[in-house]
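Note sheet for the following structure.
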Amino acid sequence: MPKPLPARLFALATALLLGACGPEDPEPASASEGQARQPLMFNGHDYLFIRSARSWWDAKAICESLGYGLVTVNDASEASWLRGFEGPHSWWLGYNDTQTEGVWRWSHGSSSYVQWQSGEPNNVGNEDCVHDNWSGRSGWNDYPCDLGQYFICEALP
Ligand SMILES: [Ca+2]
Ligand SMILES: [Ca+2]
Ligand SMILES: [Ca+2]
């Protein structure tokens with residue numbers, strides 16, 4: 001079980017996330033989106049679904065500033081649970097080949113589980129970061145790291 005997060009971290013997270021949902025957020029806030037910014041738990045891990053379109057690098061830094069990392073997908077049950085919150089959007093995961101083209105790693109932790117969409121990864125135009133639910137289709141696509149996407153943080157063990 002992860003350690004309970006102190007109240008001051010929640011305050012920081014709330015302030016940061018509300019601040020992050022300014023002009024870059026293409027969608028109006030709603031009650032359900034507000035709830036989605038609170039940590040959700042699955043299998044003993046806390047997650048944040050952050051509905052602010054950021055580069056993969058910014059997303060990674062924001063997760064880390066909160067004591068999380070970009071999500072590592074460990075198995076099909078976690079992938080399925082995540083998808084239940086994704087709606088029509090695509091979301092950054094921690095998977096990337098930023099270090100060596102074609103050598104895929106997780107930014108935080110490790111996993112041998114993969115769920116590529118058909119024909120992916122294809123590195124079209126140099127795609128080194130992975131998002132889930134591209135075009136509303138199940139599975140992963142490699143995508144340019146500097147384009148803005150919503151993102152999922154998972155608490156570090
Ligand atoms: Ca995980
Ligand atoms: Ca690549
Ligand atoms: Ca691709």
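Worth pointing out:
- Hits in region 71-104 (condition: within 16 Å of ligand 2 (Cβ to nearest atom), of a type outside the set (Gly, Ala, Ser) and either surrounded by 15 or more Cβ atoms within 10 Å (Cβ to Cβ) or closer than 16 Å to His131 by Cβ (or both)): Trp92, Leu93, Tyr95, Asn96, Asp97, Thr98, Trp104
- Test for His131: is it surrounded by 15 or more Cβ atoms within 10 Å (Cβ to Cβ), in contact (Cβ under 8 Å) with a residue 24 or more places away in the chain, not aliphatic (A, V, I, L, M) and not in a strand (DSSP E or B): no
- Ala36 being surrounded by 15 or more Cβ atoms within 10 Å (Cβ to Cβ), modelled with pLDDT under 95 and out of contact with any helix residue (DSSP H, G or I) (no Cβ under 9 Å at 6 or more places or on another chain): yes
- Restricting region 103-113 to residues that are part of a loop (DSSP other than H, G, I, E, B) and more than 13 Å from ligand 1 (Cβ to nearest atom), the residue that is nearest to Phe151 (Cα to Cα): Trp104
- Of the strands (runs of 3 or more DSSP E) lying entirely inside region 37-85, those carrying at least 3 residues that are farther than 17 Å from Gly109 by Cα are 45-54.
- Summed over region 114-128, the residues that are assigned to a loop (DSSP other than H, G, I, E, B), more than 12 Å from ligand 2 (Cβ to nearest atom) and surrounded by 13 or more Cβ atoms within 10 Å (Cβ to Cβ) give a count of 3.
- Condition met for Ser65 (touching a Leu at 6+ places or on another chain (Cβ under 8 Å), modelled with pLDDT of 95 or more and open to solvent by 50 Å² or more (accessible area, probe 1.4 Å)): yes
- Any hit, region 98-109, residues being in contact with a Cys (Cβ under 8 Å, 6 or more places away or on another chain) and more than 16 Å from Tyr68 (Cβ to Cβ): yes
- Of residues in region 86-102 being part of a loop (DSSP other than H, G, I, E, B) and within 16 Å of ligand 3 (Cβ to nearest atom), the one nearest to Ala155 (Cα to Cα): Ser90
The values are calculated or read from the model by the stated rules, or taken from the named source; none is laboratory data. Predicted model, so just to flag it, every value in this text is computed and none were measured. Reconstructed Cβ throughout: ideal geometry from the backbone, glycine too, with neighbour counts over all protein chains shown. Keep in mind that these areas ignore ligands, DNA and RNA; they rest on the heavy atoms of the full protein, side chains included. Shrake-Rupley method; radii C 1.70, N 1.55, O 1.52, S 1.80 Å.
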